[in-house]
Every structure is written in structure tokens, then in C-alpha cells.
Amino acid sequence: MNDKVYIIILNYNNWYDTIECLESVLRNDYPNYQVIVVDNNSQNNSLDYMKAWADGKVDICVDPRKPLMNLFFPPLPKPIPYVCYTKDEAEKGGNPDLEEKLRNNIPQGITTKYALIFIENNKNLGFAGGNNVGIRYALAKNDFDSIILLNNDTVINKNTISNLVSARLKLGEKAIYGGRIFYYSDPEKIWYDGGKLIEWKCRTGHLNIGKYKHEKNIPEIKEVDYVTFCCALIPKFIIKKIGLIDESYFMYFEDVDYSYMVRKSGYKLYHISSVNLWHKVSASVGEESHNLNLNYIETINRIRFIITKLPPLKKITSFFSVLSSRRNIMTLLKYSLKKWRGYNKLIPQR
């Protein structure tokens with residue numbers, strides 16, 4: 001029996017990448033999944049474009065030289081049936097009767113048997129809040145085994161979802177699972193190969209970042225300190241035990257926080273190297289190293305994690321580590337000055 005999995009994709013002002021992601025997801029080989037796209041109050045008519053794509057009225061333009069083109073092109077058959085809910089409608093479980101009627105209208109070539117779900121938030125709830133809306137919809141339906149959080153600026157292999165689910169079936173529901181993520185722009189270069197957290201410094205890092213897959217062999221399955229929510233399978237058991245994602249983070253560090261709570265609750269975090277996908281890396285926000293707002297929120301969230309999660313001695317050593325960084329101090333000072341002068345803008349969601 002193949003248990004149902006919900007795949008939650010969050011969109012904010014980035015409909016083109018979301019469509020490319022959907023084109024790859026809807027041809028994966030796992031037989032029992034439903035896709036939820038949560039739009040975080042985009043200001044560029046993203047939801048209208050995504051509906052038009054599902055109706056067969058919009059296609060993505062693909063450069064034939066793209067090395068990953070086979071993952072999302074040629075376009076899937078259309079129209080793809082969908083239901084669009086408000087946040088409140090979704091969190092009450094939507095309209096199951098309508099969704100059931102649409103199950104008979106799925107075009108051949110699309111591997112799900114369920115209608116696509118669009119959820120329209122009335123404001124930008126951030127990465128955590130936006131994904132939580134999708135999770136609440138799944139919990140209200142209560143017809144699933146696991147949810148998969150997937151960044152909208154990714155594309156996946158045909159077997160990405162089935163390999164994740166196979167690992168969960170092998171290792172159990174008391175864990176969350178992630179995979180090996182490559183740069184979209186350099187498809188054999190690793191962006192994430194498991195997460196490392198040095199608690200006494202509150203420093204995080206991606207294992208093998210910048211390496212090429214032929215340079216480093218790691219076990220098929222290994223335990224890690226955190227799983228990036230760029231792609232993460234979370235069983236319903238874990239959601240029930242740990243709860244939803246902490247919305248106080250808005251964006252960045254929420255995955256480290258959630259992973260930490262999973263580990264401290266006695267559960268596991270597994271990295272599955274056969275689970276492969278490709279990430280455009282902050283496509284929704286641009287180059288984060290040059291964005292003062294994003295550097296600020298990342299620093300503040302790191303401090304929030306130290307205050308709320310780490311034990312007393314590690315709080316002291318981590319504060320010293322964070323505040324001894326010239327970059328962190330300059331970010332806090334520059335941002336405070338910018339806000340004082342009245343130039344601060346809303347922090348975008350990744």
C-alpha cells in the first residue's frame with residue numbers, strides 16, 4: 001500500500017519558477033501524492049498565472065540548452081483540474097466532495113490522481129506561516145502519512161519523492177528526511193548534503209557545499225544535525241509530536257529550530273543521498289549576501305534560537321561567537337540605522 005503524501009510548495013512573487021517546479025513534480029513516479037501550492041499574497045498576479053498554466057493558457061519558455069530541461073519539459077497535458085481555497089477554507093479542510101469529483105479529470109501523463117490545490121493567503125505569512133497553512137489543510141483532511149515541504153525554485157527527479165518515501169518506510173515515522181541538493185545553475189555541484197550545527201557557537205553549515213558529486217562519496221543514509229526545509233519529508237507522527245513550524249522566525253533558521261526540537265525529543269534526522277533535486281538558491285530574494293534585510297533577519301533568528309533553545313552554558317558561548325563576528329555587528333548596526341532613517345522595507349519571503 002502506498003500511503004498518501006502531501007507536497008507543499010510555497011509561492012511568493014515567483015510564479016515562473018513555481019510552474020517549472022510543478023512541471024517536474026507532476027511527473028514523479030510515486031503513485032499517491034497531492035500537491036498544495038500556497039500563495040503568500042503575491043503582488044504580481046502569481047496566482048492568476050499559475051491558474052492560467054493549469055488551464056493550458058500559459059506555457060514556460062525553455063532554453064533547449066538547459067541541462068535539466070528533461071526534468072520539466074515538454075509541458076504536461078492540460079488542463080490540470082484544481083481547486084482554489086482561501087486560507088480559512090483550506091484550514092477547515094476545503095471541499096472534499098468537489099475534490100473527489102475532479103479526480104476523474106486528471107490528464108494522462110500526470111502521475112497524481114488528485115486535483116491540484118491552490119491556497120490564497122491574504123497576507124505574506126513568511127516561510128513558516130505560509131507552509132503552516134498547507135500543513136493545517138492536510139491535518140484537517142487527515143488522509144495522509146507524511147508531508148513534503150519543497151521550495152518552489154527547485155526541480156526534482158522522477159524518483160525523488162519515491163526515494164524519500166522509501167526511506168521513511170524503511171526507517172520509520174519517528175524521523176524527518178532530506179536529500180542531496182545540487183545547484184540548478186551547476187547541476188553536479190552540491191549545495192546541501194546534510195546539515196551541521198555547532199551548538200556552542202550556534203554555527204550552521206551545509207556538508208559538502210561546493211563539492212562535485214564525484215568528489216565525495218557518503219553513505220546512502222546518514223544522521224545529520226538538521227534537515228533543510230528546501231526539501232523535507234515530515235511524517236504526521238512528527239507533526240503531532242513537535243507541532244507546526246515556529247512562525248516567529250518568518251524566514252530563515254526555522255528548519256534548524258524544528259530539526260533541533262526533533263532531535264531533542266529523541267527522534268532522528270536522516271539524510272538520503274539517493275534523493276536528488278536542483279535548487280536555484282534564493283531565487284525569490286536575490287543574492288542574500290548583498291541584501292541587508294536578509295542578513296539582519298538571519299542574524300536575529302540565530303539570536304532567537306540561542307535564547308529559546310540552547311542550554312545556559314551554550315547560550316553564553318554562542319552569544320560571544322555571534323557578537324564577535326564583525327559581519328553580524330555591522331549588519332545589526334546598519335539595519336538599525338536604516339530603520340531609524342525610515343528607509344526600511346518589508347523583508348521578502350524566500
- Taking region 240-254, which residues are open to solvent by 10 Å² or more (accessible area, probe 1.4 Å) and assigned to a helix (DSSP H, G or I)? K240, K241, I242, E247, S248
- Would you confirm whether any residue within region 111-123 is touching a Pro at 6+ places or on another chain (Cβ under 7 Å), farther than 29 Å from N163 by Cα and of a type outside the set (V, I, T)? no
- All positions within region 248-261 that are at pLDDT 95 or above and farther than 19 Å from Y6 by Cβ: V256, D257, S259, Y260, M261
- Item | Residue among S42, S46 that alone is open to solvent by less than 10 Å² (accessible area, probe 1.4 Å) and without any contact (Cβ under 8 Å) to a residue 60 or more places away in the chain | S46
- List the strands (runs of 3 or more DSSP E) that sit entirely inside region 133-236 and contain at least 1 residues that are open to solvent by 40 Å² or more (accessible area, probe 1.4 Å). 175-183, 186-192, 195-198, 203-206, 221-223
- Query: Quick check: anything in region 60-70 over 19 Å from K280 (Cα atoms) and open to solvent by 50 Å² or more (accessible area, probe 1.4 Å)?
  - Reply: no
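The values are calculated or read from the model by the stated rules, or taken from the named source; none is laboratory data. As the structure is a prediction and not an experimental result, all values here were calculated from the model. Heads up, the Cβs are rebuilt from the backbone with ideal geometry, glycines too, and the neighbour counts pull from every protein chain shown. SASA here: full protein model, heavy atoms, side chains in, ligands and nucleic acids out. Shrake-Rupley method; radii C 1.70, N 1.55, O 1.52, S 1.80 Å.
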